[in-house]
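Just so it is clear, none of the values below were taken in a lab; they were calculated from the coordinates. Note that the structure is predicted; figures quoted are calculated from it, not measured. Every residue, glycine among them, receives a Cβ derived from its backbone with ideal geometry; neighbour counts consider all protein chains shown.
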């Protein structure tokens, strides 16, 4: 038994040594109470306290996991949400305009234009919905896996914590104090105090880890439920928009049949194509002015292209696989006798067939043109340009350098009255050239 002086030193040492462990005792009491039991104390002994089992967590080696962090998928989902909101707003505005024009637009071509605008926006919206569904579904799978993994870890943590609480209950509250007071020397006192402090520290670490893991499981469950609800909502909205898309496609098909069988509509279509060709000439004029300015080294202009496209006559690859539906030059409608100048050729092909650049160059224009639909113009240098129209989708942006054979879009029927086809042109400045003379 230690002397009176030693006991005085012990009292002071215990006061200091056990301050860090106070929180641990409170935490263990809370854990015990959570199981519906009272911390008790049988008659304590001076036997050494029982440490946590070998698998117990140590605060020196295992830190409580932080709450669920924002992942790259979450960032992507947020970006897709903003895209959907923007498309939804545009689609609502377009449908409002279409409803206002309903019954007022007498021209079949006018009705076709309005239908195509709604069709394009609806298609873009459906595609965006499908992308978001795939992303949310993948995120749902990740969250499910994370929940299963974390739940297993939480169960293991709880078992370790329950084992520790039972050990504390068996030993009683006074056991640790008796263990310290039974020290035979000051060195023994320091060793026992350090040992008890380490155990208290490990108990506290295990408690914090279990609490953090429980919060993580709850956060993941909440996240999982949110994603499930969103997936259900996206499916319902996608189904509605798919139905609207189907109705618009049917309406467009009906309008095209009327236009092809109506003499007045056919004449209007021919006139519109001529106007569209004039717009292309005006657009090429602007691009040529920019090209010439860049060759003079004017500030703020793109560097000039120094290609030799002019040497490619008879050597160019076809931009798409298909058959020529309309040739270059004057085209006469056998049924109505109307004549239209075709400034390029129209190549009938399957919807979605890849469109490739016929030569290297720089994309100078990407937009929708009346009579041409979705359109791309590539600058090949030396005043040569190629035009690709009626695309269902475009995969390049203005300023992009493209190589010969590089995919720039997909075949479609936007702005087309002849069905699914690629309208292709070659121009030297404003002059339209016969593409068939350039293909190999």
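Describe numerically, in nm with one decimal, the distance between label points set 7 Å from Cα along Cα→Cβ at residue 222 and at residue 242. The two pseudo-label positions are separated by 3.3 nm. Where the alpha-carbon atoms of the range 307-440 are placed on the principal axes, they occupy 44, 28, 24 Å, in descending order. Legend: ranking of residues 136, 376, 398 from fewest to most surrounding C-beta atoms inside 10 Å; resulting order 398, 136, 376. The residue 311 and residue 370 beta-carbon pair, evaluated with R₀ = 30 Å, returns a calculated FRET efficiency of approximately 0.30. By the count of other C-beta atoms within 10 Å, a proxy for reagent exposure, 125, 388, 194, 365 are ordered fewest to most as 194, 365, 125, 388. For 223, 380, the sequence from fewest to most other C-beta atoms within 10 Å is 223, 380. Applying 0.36 nm per residue to the separation of residue 253 and residue 142 and subtracting their alpha-carbon distance, the gain on full extension is 35.7 nm. Once the chain from residue 418 to residue 341 is taken as fully extended at 0.36 nm per residue, the excess over their C-alpha distance is 26.2 nm.
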